Amino acid sequence: MSTEQRRVLVIGIGAGDPDHLTLGAVKALRRADVFFVVGKGPDKASLTDLRHRMIEDHAQAPYRVVEVEDPSRDRRPMDRSDYTSAVQDWRARRGDVFERLLREEMTDGETGAFLVWGDPSLYDSTLGILADIEDRGTVSTAVEVVPGISSVSSLAARHRIPLNQVSRPVHITPARRVGEVGRNDDGDIVVMLDAHESFSHFEGEDVWIYWGAYLGTPDELLVAGPLGEVADRIRQLRAEARARHGWIMDTYLLRRGEQPATGPNV
């Protein structure tokens, strides 16, 4: 095994719109010798295809693309401790895959790249997994992070709203924690990774929702309005979209009080 440090780029590629690649991301793509593309099965092939198109459009030959399948993850409903254990197990197995890629698919002097949806710092495991690999002591890496446009930024832009209100906090949370956040937070709430329509916690309250799915893609869906009036519409759109695509990724902002209807609506 070579003892040379592996140069690794972690490149944020935005939420789905190829035009949201930053100039920094394009320059980074041109520096990479090998791209590691982590697939998530045939149901999400469109996500892998978009990565390939970005590489083809911006990378400089010669380069290689190494595609691997993401390890499976237990997604059954579970309590917090079991969920944390399941994620840690998945991250460890993903780390085994990444370590093998770094050891076997790179030669001395090459630069490898992982293309990360949105921004690598927000609800993505790549940086944490690379840090875990470094701690193992089997592969030494020099990691450079290129920030990207997150789904949160894309959501606010598409609805033409500021993400924050004056002197008010914004709390970004996974959906499984939204119930407790809603009880204890005095600001607005951005919800990500929602598989179970957790906005239902707030129905009957004076809350507006700014919702988006497949942000930045041709399949983009947007809804804005008082939650009590649009919740069923969102449920219908989610069900139809999941049936059509086999998956859905949505993000939404919950904001208390009446809001001007400035953004797009379905």
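The values are calculated or read from the model by the stated rules, or taken from the named source; none is laboratory data. Remember, it's a predicted structure, so these values are computed and weren't measured experimentally. Positions of Cβ are generated from backbone atoms using ideal geometry, with glycine treated the same way; all protein chains shown enter the neighbour counts.
Quick one: would you say Asp135 is buried (at least 17 other Cβ atoms within 10 Å of the Cβ), without any contact (Cβ under 8 Å) to a residue 24 or more places away in the chain, in the same structural domain as Ala32 (by TED's automatic domain parsing) and out of contact with any helix residue (DSSP H, G or I) (no Cβ under 8 Å at 6 or more places or on another chain)?
Details: buried (at least 17 other Cβ atoms within 10 Å of the Cβ): no; without any contact (Cβ under 8 Å) to a residue 24 or more places away in the chain: yes; in the same structural domain as Ala32 (by TED's automatic domain parsing): yes; out of contact with any helix residue (DSSP H, G or I) (no Cβ under 8 Å at 6 or more places or on another chain): yes.
No, not satisfied.
Any residue in segment 25-47 that is closer than 17 Å to Trp117 by Cβ and of a type in the set (A, V, I, L, M, F, W, C) sitting within a Cβ distance under 7 Å of a residue that is modelled with pLDDT under 85 and surrounded by fewer than 17 Cβ atoms within 10 Å (Cβ to Cβ)? List the pairs, counting only those 6 or more apart or interchain. Short answer, once both residue conditions are applied: Leu47/Lys40.
Residue-wise test of (1) buried (at least 21 other Cβ atoms within 10 Å of the Cβ); (2) touching a Cys at 6+ places or on another chain (Cβ under 6 Å); (3) free of Cβ contacts under 8 Å to residues at least 40 places away in the same chain; (4) under 17 Å from Ile189 (Cα atoms).
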| residue | (1), (2), (3), (4) |
| --- | --- |
| Ile209 | yes, no, no, yes |
| Glu220 | no, no, no, no |
| Arg233 | no, no, yes, no |
| Arg238 | no, no, no, no |
| Arg242 | no, no, yes, no |
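Summed over segment 161-191, residues that are of a type in the set (Val, Ile, Thr) and free of Cβ contacts under 8 Å to residues at least 12 places away in the same chain total 2.
So, Arg158, is that one in contact with a Gly (Cβ under 7 Å, 6 or more places away or on another chain), outside the structural domain of Leu101 (by TED's automatic domain parsing), closer than 21 Å to Leu21 by Cβ and touching a residue at least 12 places away in the same chain (Cβ under 8 Å) or not? Considered against the rule, which asks whether it is in contact with a Gly (Cβ under 7 Å, 6 or more places away or on another chain), outside the structural domain of Leu101 (by TED's automatic domain parsing), closer than 21 Å to Leu21 by Cβ and touching a residue at least 12 places away in the same chain (Cβ under 8 Å), Arg158 comes out as yes.
Residues that are more than 20 Å from the chain's Cα centre (by Cα) and of a type in the set (A, V, I, L, M, F, W, C) were ranked within segment 155-172; the one that is nearest to Leu222 (Cα to Cα) is Ile161.
What do you reckon, is Arg176 buried (at least 17 other Cβ atoms within 10 Å of the Cβ), in a helix (DSSP H, G or I), at pLDDT 95 or above and not assigned by TED's automatic domain parsing to the domain that holds Tyr83? Can you show your working first?
Working: buried (at least 17 other Cβ atoms within 10 Å of the Cβ): yes; in a helix (DSSP H, G or I): yes; at pLDDT 95 or above: no; not assigned by TED's automatic domain parsing to the domain that holds Tyr83: yes.
It is false that Arg176 is buried (at least 17 other Cβ atoms within 10 Å of the Cβ), in a helix (DSSP H, G or I), at pLDDT 95 or above and not assigned by TED's automatic domain parsing to the domain that holds Tyr83.
Filtering segment 12-53 to residues that are buried (at least 21 other Cβ atoms within 10 Å of the Cβ), in contact with a Gly (Cβ under 7 Å, 6 or more places away or on another chain) and of a type outside the set (Gly, Ala, Ser) leaves Ile13, Leu21, Phe36.
Just one residue in the set Ile209, Ile234, Ile189, Ile248 is assigned to a loop (DSSP other than H, G, I, E, B) and of a type in the set (Val, Ile, Thr); that residue is Ile248. Total residues in segment 183-196 satisfying the condition of being surrounded by 15 or more Cβ atoms within 10 Å (Cβ to Cβ) and charged (D, E, K, R): the figure is 3. Answer yes or no: is there a residue in segment 114-121 that is surrounded by 13 or more Cβ atoms within 10 Å (Cβ to Cβ) and either in the same structural domain as His201 (by TED's automatic domain parsing) or among the aliphatic types (A, V, I, L, M) (or both). Yes - at least one qualifying residue is present in segment 114-121. Candidates are the residues of segment 93-134 that are β-branched (Val, Ile, Thr) and not in a helix (DSSP H, G or I); the one that is nearest to the chain's Cα centre (by Cα) is Val116.
Ala61 - would you say it is of a type in the set (A, V, I, L, M), under 29 Å from Asp135 (Cα atoms), modelled with pLDDT under 95 and not assigned by TED's automatic domain parsing to the domain that holds Arg244?
Against the criterion (of a type in the set (A, V, I, L, M), under 29 Å from Asp135 (Cα atoms), modelled with pLDDT under 95 and not assigned by TED's automatic domain parsing to the domain that holds Arg244), Ala61 does not qualify.
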